[in-house]
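Comments concern the structure below.
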Amino acid sequence: MSMLRHYYDINTADKFERLYGDLYIGKNPTPNRNKYLVMNLNFAVVNADLGNYRSAMDAHCRIEFTMFCRRYANLLPFSCLDEMIKEDGAVKQLDYLCKACLNARQKIYLFIDEYDHFTNNILSDATREKEYRQETHGTGYLRTFFDTIKSGTDSSIERVFITGESPVTLDDLTSGFNIGTNYSLAYGFNEMVGFTEEEVRQMLTYYSQHYEFHHTIDELIEIIKPYYDNYCFAEDAYGETTMYNSNMVLSFMYKYLDNRCRIPQKMLDENIRVDYNKLRMLIRKDKEFAHDASVIQTIVSQGFVTGEIKEGFPAEDIAKDNNFISLLYYFGLVTIGGRYQGDTKFIIPNEVVREQIFSYLLDAYSDNDLTYNDYDIRKKEQLMAYCGDFKPFFQFIADSIYTFASQHDRQKGESFVHGFTLALTSVCRFYRPISELDNQNGYADIFLRPRQEIYDDMEHSYIVKLKYLNSKATDAQVASTIEQAKAQVCRYADTVNAKQQIGTTTLHKVYVVYRGVEMVACEEVVE
């Protein structure tokens, strides 16, 4: 947005060659470059509390409108600033500026960043949805503000560039706002946001020439790819390239160089976590589905979910399946993973997102937050990673499942047990859990891939065959299932893929069997 503002700003015409001369857009300028009076609004800095947002929005707009009048004082009527300030509130002030620019024969390029900041905040609170509707429909203040923008396009607002995370409020605020084009899903913009792998390699190569790297470029790509890569923003672009999250890559690069070219222990920068309140809102909405239709639960247990991406929908329809999947997509929690039986396939893009989802998903399994002794669980993790003693860790998972499973969760059965196990193994710092499904019976295999790139002295890795039986299963059925699990985990452990990823660790073949929410077996196959 900064690039666009400087490109189109009439006041930066004298800087055009310095800013863009060596770039494609500098060598191929468009007729509209440096043509507009640029107006910039950033709603992210506005207090989004429903009781204060009007005054906060008015205050932000008044500051920006004042700067606008001063920046272009030589192009606007002499009294423009004084007259604008006399108007009461952002709506009237914007309307006045549009008319003033029309009289001065000047055109405005309006930029709005995070237009949905207000409503995302409101939607995260279950008690505010009625008030949200009041503010975004009819004569609500937000609705009126956007109606004023549309009206301004008949006078002096020639272009508008709007960004936001969700498709919800754009639909609510601008029904009838048929003057815009949604480029979010456009093929031509698939590589605009983020880094391609080639760009990441170029950056790594550049720094390797100035620092003493302890890894080759290929080794670094192999390490960071599972954590930061795999985004796709246009269905037609699927299979051509994937995009790395640029913020995550730059954060890793900073930590790597600052750590004397050693892999940082934390691959997730806390500053780029998805906002907790937004995830809580998603979890709350997801729990409104029937137990057999939970979208998040399906993603966790099946590895993907299918549907279609909606460009916009009203807030009251957020809980409809395809709308909710779309919201997960726009928040970056799932990405396009191809096609499946005629629908778009959505997958969790990478390990950073997976860790966030699973961490917050633990809260969704009970009305109370899942809490445990950090010191105690870290000791259990250490026993598993360094001593080969896995039972205390899996017993902790089993105890948590038994304690926190509600009646609703128990009805989910296998998907609940599988999801909870994945969620808790995902927050174990020594392993990156990789879950695969057996095509024959649907039971889950979990490979606890050792993070030896960070903990190079750890000694043990695990392949876990997780089996689930109905709570009414007999002892004979349990015994038979155990024998199946032994054979299956040995077959899985014998795969080339697993052997390539265990490093110098000893691979343990473990089977875990549940009858209902009670763990009835947790043993290692020793040959």
Original post:
Of the numbered conditions (1) in contact with a strand residue (DSSP E or B) (Cβ under 8 Å, 6 or more places away or on another chain); (2) closer than 25 Å to G503 by Cβ; (3) open to solvent by less than 20 Å² (accessible area, probe 1.4 Å), A234 satisfies every one except a single condition; which is it?
Top reply: (2)
Original post:
Taking D286 and the conditions (1) modelled with pLDDT of 80 or more; (2) assigned to a helix (DSSP H, G or I), which numbered condition does it fall short on, given that it satisfies the others?
Top reply: (1)
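The rows are residues; the columns are (1) part of a loop (DSSP other than H, G, I, E, B); (2) within 20 Å of V160 (Cα to Cα); (3) open to solvent by 80 Å² or more (accessible area, probe 1.4 Å); (4) at pLDDT below 95.
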{"site": "R5", "(1), (2), (3), (4)": "no, yes, no, no"}
{"site": "P29", "(1), (2), (3), (4)": "yes, yes, no, no"}
{"site": "L37", "(1), (2), (3), (4)": "no, yes, no, no"}
{"site": "N40", "(1), (2), (3), (4)": "no, yes, no, no"}
{"site": "C61", "(1), (2), (3), (4)": "no, yes, no, no"}
{"site": "E64", "(1), (2), (3), (4)": "no, yes, no, no"}
{"site": "M84", "(1), (2), (3), (4)": "no, no, no, no"}
**OP:** Inspect the stretch 93-101 for any residue being open to solvent by 70 Å² or more (accessible area, probe 1.4 Å) and either aromatic (F, W, Y) or modelled with pLDDT of 95 or more (or both) and give the result as yes or no.
**Re:** yes
Original post:
Given the residues K486, K465, K499, which is the only one that is in contact with a strand residue (DSSP E or B) (Cβ under 9 Å, 6 or more places away or on another chain), open to solvent by 30 Å² or more (accessible area, probe 1.4 Å), at pLDDT 90 or above and not aliphatic (A, V, I, L, M)?
Top reply: K486
Original post:
Going through the stretch 312-335 one residue at a time, which ones are in a loop (DSSP other than H, G, I, E, B) and of a type outside the set (G, A, S)?
Top reply: F313, P314, I318, K320, F331, L333, V334
Subject >> Meets criteria (open to solvent by less than 40 Å² (accessible area, probe 1.4 Å), at pLDDT below 95 and more than 36 Å from the chain's Cα centre (by Cα)) for S155 >> reply: yes
Original post:
When you look at Q395, is it open to solvent by 10 Å² or more (accessible area, probe 1.4 Å), at negative phi and modelled with pLDDT under 70, yes or no?
Top reply: no
**OP:** Could you grab me the full set of residues in the stretch 386-399 that are of a type in the set (G, A, S) and more than 16 Å from L466 (Cα to Cα)?
**Re:** G388
**OP:** Please specify each residue of the stretch 66-82 satisfying the condition of being of a type in the set (A, V, I, L, M, F, W, C) and either over 37 Å from the mean Cα position of the chain (by Cα) or open to solvent by 70 Å² or more (accessible area, probe 1.4 Å) (or both).
**Re:** M67, C69, A73, L75, L76, F78, C80, L81
Original post:
In the stretch 294-323, which residue that is out of contact with any Asp or Glu (no Cβ under 7 Å at 6 or more places or on another chain), among the aliphatic types (A, V, I, L, M) and under 22 Å from G164 (Cβ atoms) is most open to solvent (accessible area, probe 1.4 Å)?
Top reply: I309
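The values are calculated or read from the model by the stated rules, or taken from the named source; none is laboratory data. Small disclaimer: the values here were computed from a predicted structure and weren't measured. Please note: Cβ atoms are built from the backbone with ideal geometry, for glycine as well, and neighbour counts cover all protein chains shown. These accessible areas exclude ligands, DNA and RNA; they are computed on the full protein's heavy atoms, side chains included. Shrake-Rupley method; radii C 1.70, N 1.55, O 1.52, S 1.80 Å.
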